[in-house]
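Report on the following structure.
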Amino acid sequence: MPKQNFLLVSLEESQSKQLAEVLSNDTSRKLIDYLSEHEDATETDLSKILSIPLPTVHYNLQKLKEAQLVTVEEFHYSKKGREVDHYKLANKYIIITPKSTRGIKTALKSILPV
């Protein structure tokens with residue numbers, strides 16, 4: 001399945017509320033800001049560099065992942081043998097429409113790089 005370069009959300013969808021909540025959160029915005037300037041980072045890296053408690057970083061990254069604003073494409077194994085995810089920004093345009101997105105998606109594909 002090809003990766004979409006845009007996130008199309010209608011104001012009628014619950015995803016628009018989720019997206020608004022994530023973007024209005026100061027911690028989430030700090031994480032997005034850091035990831036926009038760096039290729040990727042682990043939860044521990046973000047916690048140490050930004051001086052944010054690890055559980056807070058974990059919670060906010062999960063919310064960002066649910067909102068499709070960050071992705072996990074790599075991981076490494078810790079000394080204890082656990083998978084450690086590397087988070088990076090999902091390079092997407094966010095398009096918010098006032099009504100249902102039927103038909104709009106097809107029209108946008110002809111305009112936006114997909």
Notebook entry, point to check: Restricting attention to the stretch 6-39, which residues are polar (S, T, N, Q) and either closer than 14 Å to Q68 by Cβ or surrounded by fewer than 15 Cβ atoms within 10 Å (Cβ to Cβ) (or both)?
Noted result: S14, Q15, S16, Q18, S24, S28, S36
Next item on the list: Just name the residue that is nearest to L35 (Cα to Cα) out of those in the stretch 80-94 that are in a loop (DSSP other than H, G, I, E, B) and at pLDDT 90 or above.
Entry: R82
Note to self: Exactly one condition in (1) farther than 30 Å from P98 by Cα; (2) assigned to a helix (DSSP H, G or I) is false for L31; which is it?
What the structure shows: (1)
Margin query: Exactly one of these conditions fails for L23: (1) assigned to a loop (DSSP other than H, G, I, E, B); (2) on the phi < 0 side of the Ramachandran plot. Give me its number.
Written below: (1)
Check: Being in contact with an Asp or Glu (Cβ under 7 Å, 6 or more places away or on another chain), surrounded by 15 or more Cβ atoms within 10 Å (Cβ to Cβ), at pLDDT 95 or above and among the hydrophobic types (A, V, I, L, M, F, W, C), is that true of even one residue in the stretch 40-54?
Finding: no
Notebook entry, point to check: Restricting the stretch 1-20 to residues that are more than 12 Å from the chain's Cα centre (by Cα) and in a helix (DSSP H, G or I), which is modelled with the highest pLDDT?
Noted result: A20
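The values are calculated or read from the model by the stated rules, or taken from the named source; none is laboratory data. Bear in mind the structure is a predicted one, so any value in this text is a computation, not a measurement. When we count neighbours, we look across all protein chains shown, and the Cβ atoms used for this are built from the backbone with ideal geometry, even at glycine.
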